[in-house]
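Here's the structure, in structure tokens; my notes come after.
What follows draws every value from the coordinates through simple rules; no lab data is involved. Since the model is a prediction, treat every value here as computed from it, not as a measurement. All Cβ positions, glycine included, derive from the backbone under ideal geometry; neighbour counts span all protein chains shown.
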Amino acid sequence: MKLNLKELLERDDKASSLEHTEQSIEKLGVLRVGNSGIMMPDGNFAGSCQRKTYLRLRGVDIPAPADRAVMFEFGRINEVILIDKLKRTLGDTFTITGDDVNTVSWNTSSGRAVTGRPDIVVAKKDGIPLLVVEAKMCGSLGTVRDCRFGNSPKLAHICQAAHYGWKLDVPIKLIYIQSVDYATQMWPSNVKEYPKPGQPGSEQIDYTEKEIGAKGKKEIVMMPKKIKPGRTVYDVVIEDNGEVRYRLEGGKGAWTSTCVTIDGIVEFYEHIDAIESKQVLGPRPLSIDVKGNFLQWDNCNYCSCKPFCDEYETKIDIWFNKIKEANDRGELFS
């Protein structure tokens, strides 16, 4: 039997992408929990981009680059693996369901639907939910460094997990799964970015001796050289005032405050729902971490919509049409 296996797999990648696009068309006019972000008290936005969420609302679903297909598939498989493990360990005591079954929904003040599908819900046998789990795959060393060892889950992930927990009114867990080894850059800064030998988490790291420092100030350190596969779980809570906090699962210390609030999530969607009537896109989203600190990069610089925002953001109809035309020609990627 002769066949080009790579070509067959890439053909299925394209078919899956087309199927995703067709499913998005079916959700035209519906806002998605998967695009969760926040509107802050000062009118700024963070988390997901409210402009791209508005585009998706109107049927412009900007695809990921073709080479992301493999990563996304393994992300979906991670959820299947987690569900299987929970079913085996919890037995028949609870019902464990995935995003093919789970749904949440609510409506903005205008009546527009906001819907989503939580990754995993643990429920009683009668269907009453007890826990929601949002699962994320570590697809880069930066995610591993920040989310697994830096006590800094991604802002958009906290927004999404809190959104599901709020609507289901259950405890929330956010899990990061790293399924492969990651070699570090072995820069001097790595010594501070990862646990030292003997500290909690160091069992997930391979170290090597390395000399660092300027001439005359050199020292020998145990340098992290490889991060081994593993899982990091955060508990996420919504306080009575709507503020969202988190800490490592099993942690006994203080909860870490975030810039996320339930009111901020609601206002994010209310703004998007009103963009067309008010003809105001709102400011570009801030590039901040979950604690509200500015990142060292601007996410807009990596967005293929940036040239259109630069030129047309005050003329919404033209902005929308230009982006739609470019997306229809296959020129844009998320």
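Can you give the net charge of the other residues whose Cβ lies under 13 Å from the Cβ of residue 99, counting K and R as +1 and D and E as -1? Spelling it out: positives minus negatives among the neighbours equals -1.
Between residue 14 and residue 325, what's the calculated FRET efficiency when r is the beta-carbon distance and R0 is 22 Å? Round to 0.05. That gives a FRET efficiency of 0.55. A helix-only calculation puts the chain at -10000 deg cm²/dmol for mean residue ellipticity at 222 nm, using -39500 (n - 2.57) for each DSSP H run of at least four residues, averaged over all residues. By the beta-carbon count within 10 Å of each Cβ, the least crowded to most crowded order of 109, 48, fewest first, is 109, 48. Applying 1/(1 + (r/R0)^6) with R0 = 22 Å to the Cβ-Cβ distance of residue 297 and residue 193 gives a FRET efficiency near 0.85. The angle between the Cα long axis of helix 155-168 and the main principal axis of the chain comes to about 70°, on a 0 to 90 degree scale.
Once you have a ≥ b ≥ c as the square roots of the Cα gyration tensor eigenvalues for the stretch 75-187, tell me rounded if a/c is under 1.5, and otherwise prolate or oblate according to whether a/b is larger than b/c. Note, shape of the stretch 75-187 comes out oblate. For the pair residue 304 and residue 5, the difference between a 0.36 nm per residue extended length and the Cα-Cα distance amounts to 104.5 nm. If each Cα of the stretch 133-187 is one equal point scatterer, what is log10 of I(q)/I(0) from the Debye formula at q = 0.14, 0.26 Å⁻¹? Those come out to -0.41, -1.03, one per q. Just how far, in whole angstrom, is the stretch 164-209 from the stretch 102-130 if you go by their alpha carbon centroids? One Cα centre to the other: 30 Å. Structure note, pairs 225/291; 125/167; 85/196; 52/85; 87/154; 27/87: Cα-Cα distances above 25 angstrom occur for 225/291; 85/196; 52/85; 87/154; 27/87.
What is the order of 246, 54, fewest Cβ neighbours within 10 Å to most?
So the ranking, lowest neighbour count to highest, is 54, 246.
For residue 80 and residue 107, the difference between the fully extended length at 0.36 nm per residue and the C-alpha to C-alpha distance is 6.8 nm. Taking 156, 64, 113 as the candidate residues, the one with maximal mean-square fluctuation in a Gaussian network model of the chain, Cα springs under 10 Å, is 64. Counted residue by residue at 0.36 nm each, then reduced by the alpha carbon distance between them, the extension gain from residue 241 to residue 126 reaches 38.4 nm.
So how do 45, 268 line up by other beta-carbon neighbours within 10 Å, fewest first? Before the final figure, lay out each step's value.
Details: 45 24, 268 28.
So the residues, fewest neighbours to most, are 45, 268.
By how many degrees, 0 to 90 and rounded to 10, does the Cα axis of helix 5-26 deviate from the longest principal axis of the chain? In the chain, helix 5-26 runs at an angle near 50 degrees to the longest axis. Shape annotation for the chain: C-alpha extents along the principal axes are 63, 63, 55 Å, from largest to smallest.
Axis of helix 69-90 versus longest Cα principal axis of the chain: the two differ by about 70°, to the nearest ten degrees.
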